[in-house]
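Note sheet for the following structure.
The numbers here are math on the coordinates, done by the rules we state, and not lab data. Note that this is a predicted model, so its numbers are computed, not measured. Heads up, the Cβs are rebuilt from the backbone with ideal geometry, glycines too, and the neighbour counts pull from every protein chain shown.
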Amino acid sequence: MSNNLYIPKVGFENRKKKGFEFEILSNKVFFENKTDDEIPFRPHRLSFYGILFTLEGEGFHFIDFNKYPYKKGAVIFMSKEQVHGFERNEKRDAYLLTFTERFLEKSQMAPNLVELLSLFNYHLYNPVLQLSEEGYTMLKGLIYQIRDEYAKEEDVFSEKIIHSLLKIFLCFCERYRREVQSNTIEHYYKGEFENFQKLLKEHILKTRKVQFYAHEMGCSTKKLNRITYKIIEQPAKRYINKMLVLEIKRFLMNTSLSIKEISFKCHFEAPTNFVKYFKTYTGLTPKEFRKQY
């Protein structure tokens, strides 16, 4: 198998301001002198958060093996641990903001951190937020302020000002998202669903039993199904399988693990069971899926 199937994990690095865990770049600068077989055009996993704000142009962004269209006025939220891939698009004019969770925690937005980071919850929301013309104009002004502040020589106020501007940006996006997306997401079950998501992150490779997750949440399987139906309109078992298949896809892109090794890592009794399971939900064998990439 070709080594270009390996998904590299990209750590945060600020080349301009060492130790400053925030960066803003125009996409023209970001993609300058990069060939098609380099990151960021190849699939890669982030260890930080990112926002792509589109000023002009349209195209696609690839997130966890899905293709998301965007156009002028789109805000694309990129969460850490997701697999991303940028489309080479010379006509796109955009700004890319990247920052770490630690950068947010150092700011005064820390009490609202969970709420603001819900924008990056790609299991709940579409990662592409398409703004109105009014919203686009307002956020474009904020982006320019952040860019100009970042370009200045750093002083004792720089980080605080960028924190404040970024918080306003995220708060506006969260308010706008609530206005344009289904109100069912704001259901009081949302907190319990997010707890379910956290448990899945910890245990998805060990078990896919609904009973286990319901027990850990201190509720019945009936209630857990009610929670998932209210939030994502599907039973808990289907969502568990969806999340496990996503993890398997990520593993399959890593050439250091064989299909047999992945099957045991995901606690399947035998590789044949693993292959059958994966094909049931994707229509492809693990080997066929790998060949696509």
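Please report the base-10 log of the normalised intensity I(q)/I(0) for the chain, using a Debye sum with one equal scatterer per alpha carbon and no solvent, at each q in 0.08, 0.14, 0.16 (1/Å).
Per q value, in the given order, log10 I(q)/I(0) is -0.39, -1.17, -1.40.
Among VAL275, ILE248, PHE77, flag the residue with its Cα farthest along the positive direction of the charge dipole of the chain, charges on Cβ as +1 for Lys/Arg and -1 for Asp/Glu.
VAL275
May I ask for the Rg/Rh ratio of the stretch 156-287, computed from Cα atoms with Rh as the Kirkwood radius, given to two decimals?
Details: Rg = 19.2 Å, Rh = 17.4 Å.
Radius of gyration over Kirkwood radius for the stretch 156-287 works out to 1.10.
By counting other Cβ atoms within 10 Å of each Cβ, how are ASP64, ASP93 ranked from fewest to most? Kindly include the intermediate steps, with their values, before the conclusion.
On the way: ASP64 19, ASP93 15.
Fewest-to-most ranking of ASP64, ASP93: ASP93, ASP64.
Per DSSP helix of 4 or more residues, -39500 (n - 2.57); summed, then divided by the residues of the chain. What does that give at 222 nm, rounded to the nearest 500? Kindly include the intermediate steps, with their values, before the conclusion.
Numbers: 12 runs with 133 residues, N = 293.
Helix contribution divided over all residues of the chain: -14000 deg cm²/dmol.
In debye, nearest 20: dipole of the chain around its Cα centre with unit charges on the Cβ of K, R (+) and D, E (-)?
My answer is approximately 1340 debye.
Order by neighbour count: HIS267, HIS84, fewest other Cβ atoms within 10 Å first, most last. Each step should come with its number before you reach the end.
Values: HIS267 13, HIS84 23.
Exposure proxy ranking, most exposed first: HIS267, HIS84.
For the Cα atoms of the chain, what angle does the longest principal axis make with the long axis of helix 271-282, in degrees from 0 to 90, nearest 10?
Value to nearest ten degrees: 50.
Kindly provide the GluC sites (Glu not before Pro) of the stretch 258-293 that DSSP labels as loop, not H, G, I, E or B, and whose Cβ sees at most 10 other Cβ atoms within 10 Å.
Details: sites: GLU261, GLU269, GLU288; in loops: GLU269.
Answer by residue number: GLU269.
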